[in-house]
Amino acid sequence: MVKLCVLCSENRAMIKRPKTGQQICQQCFFYVFETEIHNTIVDNNLFKRGERVAIGASGGKDSTVLAHVLKVLNERYDYGCELFLLSVDEGITGYRDDSLETVKRNQQQYELPLKIVSYADLYGWSMDDIVQEVGRKNNCTYCGVFRRQALDRGAVMLGVDHIVTGHNADDIAETILMNIFRGDVARLGRCTEIFTQGESMIRRSKPFKYTYEKEIVMYAYFKKLDYFSTECIYSPNAYRGHARTFLKDLESIRPSAIIDIIHSGEAFEIKSDIKMPTQKTCERCGYMSSNTICKACMMLEGLNRGLPQLGIGKGGSRMVRMSQKDIIYRIQNKRIGRRRQLSDEENNNDQERPSRKTVQHFSKIERDTTIAPIQPRDPSQVYTPPPRVPTHILNDSTKSEKKDLSW
């Protein structure tokens, strides 16, 4: 017996929504998906008329769907926003170079201006260089810190007022779990906020806060959107992966677990006697920081000195102010980082280490007034993995197809 859509009662039901369990047709799914995001935007007053909004674009499913949906909603409901695509090139050969080609194609498909900033230009280091220096244990820490600041720097270059990112409900629930597991009270208090404040009064928001990852994959699949579906080659050992596995196990038992965790995180209250970090400004680069020197500058200092553990863990800002000889002595005695001999030969080698680029102060960043279109390479010369086939499809013709359950 053919089941009809529970919303329109006219068309055949093709989808079982992961979020609600409703069996609906394709057109009703598009409508409720877009409408729920519109309601999130309106209820939280995310946009103001005349705002210049940068969409953080990586070429993945989340940012591609976000760019598509925001363009549709901006025109449908007349938000009055000027939209841009903003991408960060971390310098990961075989991953980011290919995914950025997807972003360049999205630029043409959605007719949105695109700005790309790179780690190599901003910091003098690519992620390939960083991984070669630090290994794969803490590489995601470096990338996360550098990428956040790179987005803000790119936003200043574009002269935008607002950055939107594709963080979905699954991402936020994972972050809540990670902060609980680590006992990170400061981050736990703000990770559920739909708004966060960046540098130079640039706001950040997450329109997909209540949107399930599975429904984003489903929307991209049925809309035939062009996106890059491979995960970062350096991320398999990331701590977030363990939280993701735990969350997926919970979701398989209780589909509402994702939203329940988010609502629980929103309800957390921090005791008044808990000391919270105060926001300052980095004396080197002008970026927001809880210390006199921000995390990015500490990490960059460690990389430039050949001491990659300098910016990891507590006490990094104090160590930045120490002499190189004192730092090496302290690292050896506390067994952090790699052991280094305090011989004259190695000290000379450290002094001869090639100088790296110093990060530019935020107050000196100039606005890029000419954003020329960036032409993508020939698609036949670029590796683009096939899109994921979502689960929860009721169409009989898809039952025999092999589905990607890795996500």
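The values are calculated or read from the model by the stated rules, or taken from the named source; none is laboratory data. It should be emphasised that the depicted structure is a prediction, and the values quoted were computed from it without experimental measurement. All Cβ positions, even for glycine, are placed from backbone atoms using ideal geometry, and neighbour counts span all protein chains on display. Calculation scope for accessible area: heavy atoms of the full protein, side chains included, ligands and nucleic acids excluded. Shrake-Rupley method; radii C 1.70, N 1.55, O 1.52, S 1.80 Å.
In table form, for the structure just shown:
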quantity: Accessible-area composition of the stretch 144-248, carbon plus sulfur, in percent [1.4 Å probe]; calculated: 55
quantity: Per-residue ³J(HN,Hα) for the stretch 284-290, Karplus 6.51 cos²θ - 1.76 cosθ + 1.60, θ = phi - 60°, Hz, x for Gly and Pro; calculated: 9, 10, x, 8, 5, 7, 8
quantity: LYS3, LYS280, LYS209, LYS248, ranked by accessible area, largest first (probe 1.4 Å); calculated: LYS3, LYS280, LYS248, LYS209
quantity: Linear extension gain, ARG367 paired with GLN109, 0.36 nm per residue minus alpha-carbon span; calculated: 90.3 nm
quantity: Surface/4 estimate of mean projected area, convex hull on alpha-carbon atoms of the stretch 20-146, nm²; calculated: 10.4
quantity: Surface share of carbon and sulfur [accessible, 1.4 angstrom probe, percent] for the stretch 37-76; calculated: 42
quantity: Average accessible area per residue (Å²) across the stretch 36-120 - probe 1.4 Å, nucleic acids and ligands excluded; calculated: 35
quantity: Cβ-Cβ FRET estimate between MET288 and TYR239, R0 fixed at 25 Å, reported to 0.05; calculated: 0.55
quantity: Difference of contour (0.36 nm per residue) and Cα-Cα distance, THR281 to ASP129; calculated: 51.9 nm
quantity: Spatially near lysine pairs across the stretch 1-92, Cα under 28 Å, sequence gap of 8 or more or different chains; calculated: 9
quantity: Trypsin sites (Lys or Arg not before Pro) lying in DSSP loop within the stretch 9-50, provided at most 16 other Cβ fall within 10 Å; calculated: LYS48, ARG49
quantity: Rounded D (µm²/s) - the stretch 124-179, Kirkwood Rh over Cα pairs, Stokes-Einstein at 25 °C, 0.890 mPa s; calculated: 183
quantity: Amide proton proximity set for ASP89, modelled H, under 5 Å, gap of 5+; calculated: VAL117, SER118, TYR119
